[in-house]
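Read through the structure below, which is laid out as structure tokens, and then see the notes.
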Amino acid sequence: MDVWSGFVTLSNLTAKLDVINAMLENLLPQPFAVEHMTVGNLEITVPWSSLGSKPVIVVIDKVNVLVSSDFTKRSPSSSSSSSRRSRLAALRSPSSSSPPPDPNFFSIRRWLGEEILNKVVETFQLHIRDVHVRLEDPQARFGAGVTLESLHVHDNKGESR
């Protein structure tokens, strides 16, 4: 791996399940949990010398995800709207321990960072290939899978159609 060359390849990655499941708690109902997740290849190409004019390309290949569910363990309070509202309110409320940032502090640096970030976002390309997601419920003896051959996300600005 050589980040400064602009090309990074990582192979045979295994996800940290506690992090993935913590994120899922906010998105999906409680009885879902990721049991296993691997990524065969992750390639990142960053054209450092021409950032903004050439695309930053991320290729994710061979993703396997095993999701289990157990609806018998679902508590009634986890699906209540008041529980969801209180979790959202906690996420939205600003932390009282840190003072608000000074709006004039490093405003030029922040503007330059935003300019570069905007150019990268405009040229960013994401390619996801060979994704398999399997959902299993051991209590109901149920399993189903979905396979995604490929998904390409990029901006068509400047390209002829």
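Per-residue answers, yes or no, for (1) modelled with pLDDT under 75; (2) surrounded by 10 or more Cβ atoms within 10 Å (Cβ to Cβ); (3) more than 22 Å from residue 149 (Cα to Cα); (4) hydroxyl-bearing (Ser, Thr, Tyr):
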residue	(1), (2), (3), (4)
7	no, yes, yes, no
31	no, yes, yes, no
34	no, yes, no, no
41	no, yes, no, no
49	no, no, yes, yes
74	yes, yes, yes, no
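Contact map, segment 47-67: first residue within 16 Å of residue 8 (Cα to Cα) and free of Cβ contacts under 8 Å to residues at least 24 places away in the same chain, second residue hydroxyl-bearing (Ser, Thr, Tyr) and surrounded by fewer than 16 Cβ atoms within 10 Å (Cβ to Cβ), Cβ cut-off under 8 Å, separation 6 or more or different chains; the map is empty.
With respect to (1) more than 24 Å from residue 25 (Cβ to Cβ); (2) surrounded by 14 or more Cβ atoms within 10 Å (Cβ to Cβ); (3) at pLDDT 75 or above, the lone exception for residue 151 is condition (2). Within segment 51-72, restricting attention to residues that are of a type in the set (A, V, I, L, M) and either closer than 30 Å to residue 123 by Cβ or surrounded by fewer than 15 Cβ atoms within 10 Å (Cβ to Cβ) (or both), the residue that is modelled with the lowest pLDDT is 51. In contact with a Leu (Cβ under 7 Å, 6 or more places away or on another chain) and in contact (Cβ under 8 Å) with a residue 60 or more places away in the chain: is that true of residue 120 in this structure? Criteria met by residue 120.
Per the conditions (1) at pLDDT 65 or above; (2) part of a helix (DSSP H, G or I); (3) more than 23 Å from residue 127 (Cβ to Cβ), the sole criterion not satisfied by residue 20 is (3).
The values are calculated or read from the model by the stated rules, or taken from the named source; none is laboratory data. This one's a predicted model, so the numbers in the text were calculated from it and none came from an experiment. We place every Cβ from the backbone using ideal geometry, glycine too, and count neighbours over all the protein chains shown.
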